[in-house]
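Novice: Take a look at the following structure, please.
The values are calculated or read from the model by the stated rules, or taken from the named source; none is laboratory data. Predicted, not measured: the structure shown is a model, and the values here were computed from it. Cβ placement follows ideal geometry from the backbone for every residue including glycine, while neighbour counts extend to all protein chains displayed. Only protein heavy atoms, including side chains, enter the accessible area calculation; ligands, DNA and RNA are left aside. Shrake-Rupley method; radii C 1.70, N 1.55, O 1.52, S 1.80 Å.
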Amino acid sequence: MSEKKRIILHMDMDHFYTAVEEREHPEYKGKPVVVGADPKEGKGRGVVSTSNYEARKAGVRSGLPISRAWKLCPEAVYLPPNFPLYIKVSHEIMDIARKYADKFEQWGIDEAFLDVSARVKNYAEAEALAKQIKREIREKENLTCSIGIGPNKLIAKIASDYQKPDGLTIVKEDETEAFLAPMPARKLLWVGRKTEAKLKTMGINTIGDLAHYDPTVLAAKFGVMGTQMHLMARGIDRSEVEPRTEVKSISHETTFEEDTADADTVLNALDALSEEVCREALNQNLFFKTVTVKLRYENFETHTRSKTLAFMTNRLQDLKKTAKELLQTYLKRDRKVRLIGVRVSNFVKGEKQKTLA
Ligand code: TTP
Ligand code: MG
């Protein structure tokens, strides 16, 4: 049975936080701009949330320690994140884009998938639609985005990243293989750094290498993920564009490479987990009230502790402080830790801010 052909768009705003900042402060235009932790003249902790393209030229990008950013580009304009503003703009952009889709799925704060199969007859019409979305966002919001068009979400997402900023990339069904083949395997959604390293030892560097690899060997090595990776490498993705179901909690955990009794190591990892969890909450515009930590000792004895705050928050410092407080009681000098985790729950959805900026 043949399936109906789909046409999917993926839209991703260009250097979102810094683009919004530049729009609000035209005096920053042309200068490198970095949004993230306070650099404290090179002594700051924490990381870069994002940077504009001028700062990226100096090597400053998302996730880089802010102290490194300062060394690479001390002349940049450094700004703390203004989340209420980014969330307001995100709502406005999503409201624009949603109108153009039969099915719409927001993905993070500045990305969305649009299934337009029922309203366009072919890729030429999809291209015209994408241009219209880009125009409306530019005119109403004074911001640019990049759009990818393809036969499924996977291709559309990779295509939107292909020509940034202000890009529009169309990859038709019969072009997917040639489009994907030269790209590094890492570009596939499921391929993280560890998997990438493993693939390299197997001689797999590009998506093309992966597509031509024996799927039974991949399945034996990586389980379901191996099968999934092989399908993706061949450009196959049947997942539907659908509004995300309501999230009940957001959590991340990590297992130490070696069990450790060193409190600093554990607390640094806890901070990193809190950062990941907080970013996801921010991306989904969720404020939380409950924080839970999990700890597993080397003998697999596992503990969880929760605290419900008196207020709702999405601030990283609140999460870090609460998580630390909760975990502290378990950090005993003679006991080695195997795993820790951080979870936030009890969500309140962020309000649309009507009169900001
Ligand atoms: P991205 O779309 O990944 O990045 P971007 O929009 O800044 O740049 P690009 O032009 O390459 O799309 O993420 C959207 C926003 O999410 C980004 O502006 C800031 C935030 N973010 C973080 O806070 N930390 C991160 O590590 C990343 C990747 C993004
Ligand atoms: Mg973006």
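Novice: Might you report the magnitude of the Cβ-based charge dipole of the chain about its Cα centre, with Lys and Arg at +1 and Asp and Glu at -1, to the nearest 20 debye?
Specialist: Charge dipole, the chain, about its Cα centre: 620 debye, nearest 20.
Novice: Sticking with this one: Give the cross-link partners of residue 187 among the aspartates and glutamates, using a straight C-alpha distance below 12 Å as the criterion and excluding same-chain residues fewer than 8 apart.
Specialist: In chain and number order, the partners are 161, 196.
Novice: In addition: Tally Lys/Arg at +1 and Asp/Glu at -1 over every other residue whose Cβ is under 13 Å from the Cβ of residue 208; what's the total? Don't skip to the answer; put the middle values down first.
Specialist: Numbers: positive: 187, 234; negative: 177, 209.
Overall, the nearby charge balance is 0.
Novice: Taking Cα atoms of the chain, Rg/Rh with Kirkwood Rh, to two decimals?
Specialist: 0.98
Novice: List every DSSP H helix in the chain whose Cα atoms extend 27 Å or more along the helix's own long axis and whose mean Kyte-Doolittle hydropathy is at least -1.0.
Specialist: 263-283
Novice: Under the definition of Cα pairs under 8 Å and six or more residues apart, what whole-number percent is the relative contact order of the chain?
Specialist: Reported relative contact order: 15 percent.
Novice: Can you give the local net charge around residue 67? Use residues other than it whose beta-carbon is closer than 14 angstrom to its beta-carbon, Lys and Arg +1, Asp and Glu -1.
Specialist: Residues close to residue 67 contribute a combined charge of +3.
Novice: May I ask you to list the trypsin sites (Lys or Arg not before Pro) in the range 47-76 that are in a DSSP loop and have at most 16 other Cβ atoms within 10 Å of their Cβ?
Specialist: For trypsin sites (Lys or Arg not before Pro) across the range 47-76 that sit outside H, G, I, E and B with at most 16 neighbouring Cβ atoms in 10 Å, the list reads 61.
Novice: Let me ask something else about it. Net charge within 13 Å of residue 343 by Cβ-Cβ distance, Lys/Arg positive one each and Asp/Glu negative one each, not counting residue 343 itself? If you can, show how the numbers build up before the last one.
Specialist: On the way: positive: 248, 289, 294, 305, 307; negative: 253, 276, 280.
My count for the surroundings of residue 343 gives +2.
Novice: Another question, if that's okay. Restricting to DSSP loop positions (anything but H, G, I, E, B) with no more than 11 other Cβ atoms inside 10 Å of their own Cβ, which GluC sites (Glu not before Pro) remain in the range 227-299?
Specialist: Passing sites in the range 227-299 are 246.
Novice: Also, quick follow-up: For the chain, what is the accessible area per residue in Å², given a 1.4 Å probe and the full set of protein chains?
Specialist: Numbers: 18640 Å² over 357 residues.
Per-residue value: 52 Å².
Novice: Then there is this: Could you list the GluC sites (Glu not before Pro) in the range 1-104 that lie in coil according to DSSP, counting only those with at most 13 other Cβ atoms within 10 Å of their Cβ?
Specialist: Counting only loop positions with at most 13 other Cβ atoms within 10 Å, the GluC sites (Glu not before Pro) in the range 1-104 are 3, 75.
Novice: Kirkwood hydrodynamic radius (Cα pairs, Å) of the range 29-171?
Specialist: On the way: mean 1/r = 0.0602 Å⁻¹.
Across the range 29-171, the inverse of the average 1/r is 16.6 Å.
Novice: Using a 1.4 Å probe on the protein heavy atoms, what percent of the accessible area of the chain belongs to carbon and sulfur?
Specialist: Values: 9310 of 18640 Å².
Of the solvent-accessible surface of the chain, carbon and sulfur hold 50 percent.
Novice: Using alpha carbon centroids, what distance separates the range 58-74 and the range 109-184, in Å?
Specialist: Taking the Cα centre of each part, the range 58-74 and the range 109-184 sit 30 Å apart.
Novice: Pick out which of 98, 234, 193 has the largest mean-square fluctuation in a Gaussian network model of the chain, springs linking Cα atoms closer than 10 Å.
Specialist: Highest fluctuation among the options: 193.
Novice: With no solvent and one point on each alpha carbon, what is the Debye value of log10 I(q)/I(0) for the range 231-320 at q = 0.11 Å⁻¹?
Specialist: Debye output, listed in q order: -0.46.
Novice: By a straight-distance test (C-alpha under 17 Å), which lysines pair with residue 289 as possible cross-link partners, with residues fewer than eight away in the same chain excluded?
Specialist: 248, 307, 320, 321, 324, 349
Novice: Okay, moving on. Between residue 255 and residue 221, what FRET efficiency comes out of the Förster formula 1/(1 + (r/R0)^6) with R0 = 30 Å and r the beta carbon distance, rounded to 0.05?
Specialist: Efficiency for this residue pair is about 0.95.
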